[in-house]
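Undergrad: After the structure tokens below, expect a handful of questions from me.
The values are calculated or read from the model by the stated rules, or taken from the named source; none is laboratory data. Quick caveat: nothing in here was measured; it's all calculated off a predicted structure. Cβ placement follows ideal geometry from the backbone for every residue including glycine, while neighbour counts extend to all protein chains displayed. In case anyone asks, the SASA skips ligands and DNA or RNA and just uses the protein heavy atoms, side chains included. Shrake-Rupley method; radii C 1.70, N 1.55, O 1.52, S 1.80 Å.
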Amino acid sequence: MTSPDQPAPSAPADTSLANRYGAKKQGLTPRAKRIIAGAALAVGIGFMAWVSTSNALGGVTFKDIGYSTPDGTLAEVDFQVTREPGTEVKCSVKALDSKYAVVGWKVVDIPAEATEDSSDGGRTLAQRVSVRTESLSVSGVVDSCWVPKA
């Protein structure tokens with residue numbers, strides 16, 4: 001028996017915590033863990049496949065090849081455009097000065113006719129564009145290329 005000035009014995013810690021916070025939750029079964037891991041792996045592989053092929057299908061890409069500045073008011077930019085044969089493309093070309101300011105800008109129309117002589121069936125075309133400049137340029141680059149809306 002306990003004396004009146006002594007507290008009553010407390011319940012074991014396990015029981016009082018379980019009563020206060022609830023019982024321990026059941027973990028996932030090994031089978032459920034395997035299913036979740038397999039689904040996550042399949043989603044990851046699908047995403048990687050989509051990322052790697054989305055840019056290659058039907059897109060327009062360009063590559064700067066070089067530039068020259070024949071005089072203080074003209075820049076010539078050489079580049080390649082890769083697109084589906086028979087697709088009209090527009091590219092914006094810019095000339096830059098030594099402080100990277102744009103001193104010339106031109107939008108170039110690349111017609112849809114394809115040359116079948118190339119090794120890739122007419123997908124890649126080489127272009128040389130003359131851009132008038134307001135001052136001496138030290139660089140010429142392609143800013144972007146796109147397929148115009150019909």
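Undergrad: For the range 17-96, which fully contained strands (runs of 3 or more DSSP E) count at least 3 residues that are closer than 30 Å to residue 111 by Cβ, open to solvent by 50 Å² or more (accessible area, probe 1.4 Å) and touching a residue at least 60 places away in the same chain (Cβ under 8 Å)? Lay out the reasoning, then the answer.
TA: Numbers: elements: 61-71, 74-82, 89-96.
Correct list: 61-71.
Undergrad: Continuing with the same structure: Working carefully through the options 75, 150, 95, 114, find the one that is at pLDDT below 90, among the aliphatic types (A, V, I, L, M) and touching a Gly at 6+ places or on another chain (Cβ under 9 Å).
TA: On the way: 75 fails: at pLDDT below 90; 150 fails: touching a Gly at 6+ places or on another chain (Cβ under 9 Å); 95 fails: at pLDDT below 90.
Of 75, 150, 95, 114, the one residue that is at pLDDT below 90, among the aliphatic types (A, V, I, L, M) and touching a Gly at 6+ places or on another chain (Cβ under 9 Å) is 114.
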